[in-house]
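Structure record follows, encoded as structure tokens.
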Amino acid sequence: MSDPRVKTRPKTSTKPKVQRPPLWKVILLNDDYTPREFVVQVLKAVFRMNESQAYRVMLTAHQKGACVIAVYTRDVAETKAKEATELGRANGFPLYFTTEKE
Ligand code: NFA
């Protein structure tokens, strides 16, 4: 097994390990006060959705209580959720976006 005449050499190549960053979901929560059209405008502005995508997401949250909007790296997800929530607050609405690790 460990024959002193057998020379071993250190491993010279390493496997490149490419790590994918974990993704975070941005979730839109329903409320009873924010106008549907305002929700659609925010989704279009912050999440770069077109009218029909934004309308579908708004309606899903309205009917089911919440809807996953998109996934991003943690920083981007948190920044967008904060920005979108702040747009609601600035206009007097309780609109709320949260994030969750995928
Ligand atoms: N439920 C709100 C309304 O009926 C619309 C809404 C949808 C609010 C999705 C927040 C999220 N005006």
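Brief remarks on what is shown
- The chain - mean residue ellipticity at 222 nm from DSSP helices (-39,500 (n - 2.57) per run, n ≥ 4, rounded to 500): -13500 deg cm²/dmol
- Within the shell defined by Cβ-Cβ distances under 13 Å, the residues around E102 carry a net charge of +3, with Lys and Arg each +1 and Asp and Glu each -1.
- Under a model in which nothing but the beta-carbon of Lys, Arg (+1) and Asp, Glu (-1) is charged, region 26-74 shows a dipole of about 220 debye around its Cα centre.
- Region 33-101: C-alpha gyration tensor shape, a/c 1.5 cut-off, then a/b vs b/c: rounded
- Structure note, pairs K80/K101; K17/K101; K17/K80: Cα-Cα distances above 24 angstrom occur for K17/K80.
- When the residues D75, D31 are ordered by accessible surface, computed with a 1.4 Å probe over the protein chains alone, the sequence from largest down reads D75, D31.
- Reach of K64 by Cα under 12 Å, taken over aspartates and glutamates that are not fewer than 8 positions away in the same chain: D31
- Close amide-amide hydrogen proximity is noted between A66 and N30, each under 5 Å apart and 5 or more residues distant or on a separate chain (H modeled in the peptide plane; Pro and chain starts excluded).
- Projecting the Cα atoms of P94, L59, T79 onto the dipole axis of the chain, where Lys and Arg carry +1 and Asp and Glu carry -1 at the beta carbon, places T79 farthest toward the positive end.
- Karplus-derived 3J(HN,Hα), 6.51/-1.76/1.60, for each residue of region 63-73, Hz, glycine and proline x: 7, 9, x, 7, 8, 6, 8, 5, 10, 9, 5
- Dipole check for the chain: with +1 at the C-beta of Lys and Arg, -1 at the C-beta of Asp and Glu, and the Cα centre as origin, the magnitude is about 1060 Debye.
- Computed over the chain: relative contact order in percent, which uses C-alpha pairs under 8 Å that are six or more apart: 41
The values are calculated or read from the model by the stated rules, or taken from the named source; none is laboratory data. What you see is a predicted model; the values in this text were computed from it and never measured. Every residue, glycine among them, receives a Cβ derived from its backbone with ideal geometry; neighbour counts consider all protein chains shown. The accessibility values were calculated without ligands, DNA or RNA, using every heavy atom of the protein model including side chains. Shrake-Rupley method; radii C 1.70, N 1.55, O 1.52, S 1.80 Å.
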